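A.B. asks: I am attaching a structure below and will ask some questions about it afterwards.
The values are calculated or read from the model by the stated rules, or taken from the named source; none is laboratory data. Predicted model only: the values in this text are computed from it and were never measured. Cβ atoms come from the backbone with ideal geometry, glycine included; neighbour counts cover every protein chain shown.
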Amino acid sequence: MKALVAYYSRTGTTDKLAKDLATRMGCDIDPIVSKVKWEGTLRWMACGKAGMKKELCELEPPRKDPAQYDVVLVGTPIWAGFVSAPTRTYLTENKGKIKRVAFFLTCGGDEFAKVFDDMEAVAGQRPVAKLAVKARDLKAGNYAERAAAFVAELGK
């Protein structure tokens, strides 16, 4: 199975999980790069607003073509209870190109169920697997078993 991990990370938390998953799967990785600079404390509020309004943003062209993969793992941080604008844009721009999709996200709380539902609606397909990891669990390394189960589910 040829897999790709495509993800957006504002603070590095989702980046850490994405790299871990790509290593576990031995697959390609392609960070989603926004032309809008979301970094910094002041931009944090703009992130929440963009998430709530379900805004799209301009992205750098992806380095990898998702159509060339059997499954694409798409990752996002949660912005004010919503999918990040860069990840929403990636899913929108690649709708119809992705054969099979899986979702992963990083979060501070338990608000991930509706984010997965929103990602599914934007992608136009049901994910073959889903993984939510709280930032504190990622930092403490308390997610390895769930990550392994997620990867195993993709092999089905």
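A.B. asks: Being surrounded by fewer than 19 Cβ atoms within 10 Å (Cβ to Cβ) and modelled with pLDDT of 95 or more: is that true of ARG43 here?
C.D. replies: On the way: surrounded by fewer than 19 Cβ atoms within 10 Å (Cβ to Cβ): yes; modelled with pLDDT of 95 or more: no.
No, not satisfied.
A.B. asks: If I ask for residues that are touching a strand residue (DSSP E or B) at 6+ places or on another chain (Cβ under 6 Å) and modelled with pLDDT under 95, which ones from the stretch 91-108 would you list?
C.D. replies: THR106, CYS107
A.B. asks: Additional query: Of (1) farther than 22 Å from LYS134 by Cβ; (2) hydrophobic (A, V, I, L, M, F, W, C); (3) out of contact with any Ser or Thr (no Cβ under 6 Å at 6 or more places or on another chain), LEU59 satisfies all except one. Which?
C.D. replies: Unmet condition: (3).
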